Amino acid sequence: MIPAEALARLRLSRTEGIGPATFRRLIARHGSGAAALAALPAHAARSGRAFTPPPLAEVEREMVAVARMGGSFLFLDDPAYPPLLALLEDPPPVLAVLGDPSVLKRRQVGVVGARSASAAGRRIAEELAAGLCMGGVAVTSGLARGIDAAAHLGALGAHGRTIAVVAGGLDQPYPPENAALQARIAAEGGVVVGEAPLGTAPMARHFPRRNRIVAGLVLGLVVVEAAPRSGSLITARLALEAGRELFAVPGSPLDPRARGGNDLLRQGAHLTENAEDVLANLPAQPLELPLFSRAPRSINHSPDPVSASDPPESAAQILELIGSVPVAVDDLVRRCQLSAPSVQAILLDLELSGLVECLPGNRVVRSVT
């Protein structure tokens, strides 16, 4: 039997207008997915926006379909949820996985690069991935053509563990020619991870979300070949913002595919020729990180929701203090006559209404209209 709280969290995560960061704040405020769902009508009334969760039967069908594929779901506060990923400001509320979920808690290195990779670039990616696996780390990539596929194949060839993060649903392998590779990863001790619902065909807007998962899972990221303004460089930027180590393989200045990696080297990325160059700059032991320090409570607990009884003028007071320059929430609390929980509750309503945007570092800014 599917736990009611798991269904509630999946419905909440699938509600249009509720992104990963807002999901986390809703759970933190109300204590459970069921309580957050019950509070959505009140949030909608205060924010002037409609939030309509998908029907219960729809998410039940999704859970059953994933189980029939041999997969499962990991929720943000699940002990099996990857701890590094949970430390992002906007971690996926739920992950659908095929294969061995325990691989997600291993030390990981990402290997990414150009889809139209050169033969030499693919060989380097394969050899790097094989060497990293022999060095005791798992290899993470995005299952794309070119460097990504070569990295997965190199890890499998070394009988190592590899993690494939997909942009669409688990039932929508992309590109189609990598369907067999996706199945092989899940069957040979690796894991395939997706944030999107089943049936979601990968589109351009999905790939930045996929890239943030790759960046969040890994201790370090290696860029093998990347043109300027490529998706691989987006992943590299996200990895840097998350405090991960960045590595790049140098390339010929005559090859446009080398420009992105060479630029990263100029900016301080570790010059990488082999797996040893990467392993030497990773933590010697898995990071001992506090799990879910900002995450929701367990799905096994459903405390009563927090009531929001502050008068409308309180929201107006908070909104007046927020401008186009980000301000710390702690500063807002000091400048008004409201408690910290009341300020957080008002900010959540303002965020849901689209009036403010919550930023990393517990800051907030007026939304651009």
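Taking θ = phi - 60°, what integer Hz values does the Karplus form 6.51 cos²θ - 1.76 cosθ + 1.60 yield along the stretch 105-115, in sequence order, with x for Gly and Pro?
Couplings: 9, 6, 5, 10, 10, x, 10, 9, x, 5, 6 Hz.
Just to be sure I understand the model, the point goes 7 Å from the Cα along the line to the Cβ. What's the resulting residue 120 to residue 179 distance in nm?
3.6
Can you find, among 125, 22, 359, the residue sitting farthest towards the positive end of the charge dipole of the chain, where Lys and Arg contribute +1 and Asp and Glu -1 at Cβ?
In the chain, that residue is 125.
So what's the Cα pair-distance distribution over the stretch 146-283, bin width 5 Å, in %?
Calculated P(r), rounded to whole percents: 2, 10, 18, 22, 21, 16, 9, 3, 0.
Got a number for the accessible area of residue 234? Probe 1.4 Å, square angstrom, nearest 10.
Rounded to the nearest 10, that gives 60 Å².
Over the heavy atoms of residue 134, what accessible area does a 1.4 Å probe trace out, to the nearest 10 Å²?
Rounded to the nearest 10, the figure is 150 Å².
For residue 200, which sequence-distant residues (separation of 5 or more, or a different chain) have an amide H within less than 5 Å of its own amide H, given hydrogens modelled in the peptide plane?
The answer is 169.
Can you work out the Karplus-derived ³J(HN,Hα) for every residue in the stretch 40-45? Use 6.51 cos²θ - 1.76 cosθ + 1.60 with θ = phi - 60°, whole Hz, and x for glycine or proline.
Calculated HN-Hα couplings, in order: 4, x, 5, 4, 5, 5 Hz.
Could you state how much accessible area residue 72 has, in square angstrom rounded to the nearest 10, with a 1.4 Å probe and all protein chains kept in place?
The value for residue 72 is about 50 Å².
Apply the Karplus curve 6.51 cos²θ - 1.76 cosθ + 1.60, θ = phi - 60°, to the phi angles in the stretch 344-351 and return the couplings in whole Hz, x for Gly and Pro.
Computed from phi, the couplings for the stretch 344-351 are 4, 5, 5, 4, 4, 5, 5, 5 Hz.
Over the stretch 1-156, what number does the Rg to Rh ratio reach, with both radii from the alpha-carbon atoms and Rh per Kirkwood?
A ratio of 1.08.
Compute the semi-axes of the equivalent ellipsoid of the stretch 142-195, taking the square root of 5 times each eigenvalue of the Cα gyration tensor, and list them largest first in whole Å.
16, 12, 9
Among 104, 84, 240, determine the one that fluctuates most according to a GNM of the chain built with springs between C-alpha atoms less than 10 Å apart.
Highest fluctuation among the options: 240.
What's the whole-number percent of alpha carbon pairs in the stretch 132-171 lying beyond 15 angstrom?
37
Which one of 189, 146, 326 is farthest out on the positive end of the charge dipole of the chain, using unit charges on Cβ (Lys, Arg +1; Asp, Glu -1) and the Cα centre as origin?
The residue sitting farthest along the positive end of the dipole is 146.
Helix 20-30 against the longest principal axis of the chain: what's the angle in degrees, Cα atoms only, rounded to the nearest 10?
40
Relative to the first principal axis of the alpha-carbon coordinates of the chain, what is the inclination of helix 207-217, with its axis defined by its Cα atoms, in degrees from 0 to 90 and to the nearest 10?
Approximately 80 degrees, to the nearest 10.
Angle, helix 231-241 long axis vs. longest principal axis of the chain, Cα atoms, 0 to 90°, nearest 10?
Tilt relative to the chain: about 60 degrees.
If you take the square roots of the eigenvalues of the alpha-carbon gyration tensor of the stretch 44-103 and sort them as a ≥ b ≥ c, do you get rounded (a/c under 1.5), prolate (a/b over b/c) or oblate?
Judged from the Cα gyration tensor, the stretch 44-103 comes out oblate (a/c at least 1.5, b/c at or above a/b).
Sum -39500 (n - 2.57) across every DSSP H segment of at least 4 residues in the chain, then divide by the residue count to get the 222 nm mean residue ellipticity, nearest 500.
-12500 deg cm²/dmol
Give me the Å³ per residue figure for the convex hull around the C-alpha atoms of the chain.
It comes to 142 Å³ per residue, whole-number rounded.
How large is the accessible surface per residue of the stretch 66-193, computed with a 1.4 Å probe and reported in Å² as a whole number?
The answer is 34 Å² per residue.
The values are calculated or read from the model by the stated rules, or taken from the named source; none is laboratory data. Everything numeric in this text was worked out from a predicted model, so none of it was measured. Cβ atoms come from the backbone with ideal geometry, glycine included; neighbour counts cover every protein chain shown. For the accessible areas, the whole protein counts, side chains as well, though only heavy atoms, and no ligand, DNA or RNA atoms are used. Shrake-Rupley method; radii C 1.70, N 1.55, O 1.52, S 1.80 Å.
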